[in-house]
1. Checking the condition part of a loop (DSSP other than H, G, I, E, B), closer than 18 Å to Gly334 by Cβ and either at pLDDT 95 or above or among the polar types (S, T, N, Q) (or both), which residue from Thr45, Thr50, Thr3, Thr10 passes?
2. If Ile131 passes every condition in (1) farther than 30 Å from Leu15 by Cα; (2) of a type in the set (A, V, I, L, M); (3) touching a Lys or Arg at 6+ places or on another chain (Cβ under 8 Å) but one, which one does it miss?
3. May I ask you to list pairs of residues, at least six apart or on different chains, whose Cβ atoms are under 9 Å apart, with the first in the range 158-181 being within 15 Å of Asp375 (Cα to Cα) and not assigned by TED's automatic domain parsing to the domain that holds Met332 and the second being outside any loop (DSSP other than H, G, I, E, B) and of a type in the set (D, E, K, R)?
4. Specify the residue that is surrounded by the most Cβ atoms within 10 Å (Cβ to Cβ); the eligible residues are those in the range 189-238 that are assigned to a loop (DSSP other than H, G, I, E, B) and hydrophobic (A, V, I, L, M, F, W, C).
5. Quick one: Val70 ticks every box in (1) of a type outside the set (Ser, Thr, Tyr); (2) farther than 26 Å from Asp24 by Cβ; (3) modelled with pLDDT of 90 or more bar one, so which box is it?
6. Failed condition for Lys118, given (1) surrounded by fewer than 20 Cβ atoms within 10 Å (Cβ to Cβ); (2) without any contact (Cβ under 8 Å) to a residue 40 or more places away in the chain; (3) in a loop (DSSP other than H, G, I, E, B), with all others met?
7. Considering each of Phe358, Phe391, Phe371 in turn, give the residue that is surrounded by 13 or more Cβ atoms within 10 Å (Cβ to Cβ) and assigned by TED's automatic domain parsing to the domain that holds Gly215.
8. Among the candidates Glu55, Glu76, Glu91, which residue alone is loosely packed, with under 14 Cβ neighbours inside 10 Å and acidic (Asp, Glu)?
Amino acid sequence: MATENTTILTEEKQLYGYQQEALDKIFKAFEKAPEDYHLLYQLPTGGGKTVIFSEIVRQYIKTYKKKVLVLTHRIELSKQTSKMLDEFKVENKIINSTAKLDDQHKYNCFVAMVETLKNRLNDNKVDISDIGLVIVDEAHYNSFTKIFKFFDKSFILGVTATPLSSNNKLPMHENYKELIVGETIENLIENEYLAQANVYSYNVGLTSLEVGANGDYTVKSSEDLYTNSDMISKLITAYEERAKGQKTLIFNNGINTSIEVFHAFKKAGYPIAHLDNTNSRKERDFILKWFKKTPNAILTSVSILTTGFDEPTIGAIILNRATKSLTLYYQMIGRGSRILKNKPTFNVIDLGNNFYRFGAWGADLDWQRMFKNPDFYMDALLSDEEIERTFSYELPAAVKAEFAKSEDISFDMKATYIDTIRAGESSKRVLEKSIAHHTKMCVENSEDMFDALILAKLLGGDIDDRIHKYSKCISKSTHNFLTWLRDDYRKKLNSNIRTNFDEVYEEIHGFPPPEE
């Protein structure tokens, strides 16, 4: 059990064995490396990085008689870090925009946000002459490197769950000389420090997404995809299949998407709240308290809860977005990994093909190689086209049941395209044949035209899959074109049902539909 392998530090706090091992390795570096050495330490989300570096601060001050600075990138993390240091009996001062610094000489430890500290340093408001150690929390963010110049005689210790820079143009090995790799997720799960993730991946066509300057998918293209009615329906269906009744955290790429998700779940009668960085502190606290005390609560959010948020009772994580960032992938899933006595596992619903892109959460990754050669890792990732090439779309079980009378619900878009072109016909004929097939499916499972039109609305996912494969055949897949093609297909399908219902019905049954 997790509580058996521990080392007592103080009367109040304990370190697990693997945490003590990390602390020992880091202190050996303090002893052997130059005073201005830059060291990076990796440990998975939930492994207790803050606990480890709080004890490092306590022992460093005692051993080296020098001051310590802890850097964070968000105010919430500053407060959490300060509180943890208090638990380790380390008196500390938070340097924020309103902090009075006339008593700074009384403290041996400071906690600061990087931007605030930079401004205070530029104004010569902070005395850093006796700071021997700088600890950088969430070190993969590049915002910290701008103030390294102020600490050219200090030992810098970066800590992160994933030693990959948030900016692939600024690799971490350029700012840190060495990486110490901590305990693996696999071992933490095996020894009951973390919960096991059960991942359920739903295939999503992502080729309409665009990649921005930061190397990840743009908010605009993500919102265009994830706010459409079919994706919202897929999200709710996935929730009902894999997470219904569990405390659930949904990650989105864009405020509009999160708001649409909120309204959709609210309409469906589920308890849900929306949170983004425009909420006030009071609103945020109220929402998080509600989320904590409500057993089946759903919280839809935008980026804000990827770090510094700890709620062990979360039973399901939904990735309602795609990302090209391994760090973000691990951070999002990690929010559900906190273990409880009655929670050995948690569910992850992936609606962004992230599982196919990065592999299983907790897979055996060579962090040392990725640290030294991040381009090698990034170049090896599968593209969206390569991922989706392996997809074989299947109608959801509930939808398939509505088409039980159809013997053939599959349609090979690529084979139809090849046969059509070889016959000297226009590529548009491929879509006409597909629409005819969908029309037949709707008619043979309906009593009248209105039933058929209702069934057509259930085919959104199948339509999108066919359009995606068609766009590959004609080598044209711009976002605007695909959006137009999907809408046009739906309009033509409805029109075809209205115009040809009687004819198709008689062709299927051998007699005309009954008169009303």
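1. Details: Thr50 fails: part of a loop (DSSP other than H, G, I, E, B); Thr3 fails: closer than 18 Å to Gly334 by Cβ; Thr10 fails: closer than 18 Å to Gly334 by Cβ.
Of Thr45, Thr50, Thr3, Thr10, the one residue that is part of a loop (DSSP other than H, G, I, E, B), closer than 18 Å to Gly334 by Cβ and either at pLDDT 95 or above or among the polar types (S, T, N, Q) (or both) is Thr45.
2. Result: Ile131 passes all but (1).
3. From the range 158-181, the pairs are Ser165/Glu174; Asn168/Asp375; Pro171/Lys372; Pro171/Asp375; His173/Lys372.
4. Residues of the range 189-238 that are assigned to a loop (DSSP other than H, G, I, E, B), as a first pass: 191-193, 195, 202-210, 212-216, 218, 227-228.
Of the ones still in play, those that are also hydrophobic (A, V, I, L, M, F, W, C) are 195, 204, 206, 209, 213.
Numbers: Ala195: 21, Val204: 26, Leu206: 20, Leu209: 23, Ala213: 8.
Among those residues, the one meeting the criterion is Val204.
5. With respect to (1) of a type outside the set (Ser, Thr, Tyr); (2) farther than 26 Å from Asp24 by Cβ; (3) modelled with pLDDT of 90 or more, Val70 is out only on (2).
6. (3)
7. Working: Phe391 fails: assigned by TED's automatic domain parsing to the domain that holds Gly215; Phe371 fails: assigned by TED's automatic domain parsing to the domain that holds Gly215.
One residue alone meets the criteria, Phe358.
8. Details: Glu55 fails: loosely packed, with under 14 Cβ neighbours inside 10 Å; Glu76 fails: loosely packed, with under 14 Cβ neighbours inside 10 Å.
Residue meeting the stated conditions: Glu91.
The values are calculated or read from the model by the stated rules, or taken from the named source; none is laboratory data. Keep in mind that this is a model prediction, so the values were computed, not measured. Neighbour counts are summed over all protein chains in view; Cβ atoms, including those assigned to glycine, are modelled from backbone coordinates with ideal geometry.
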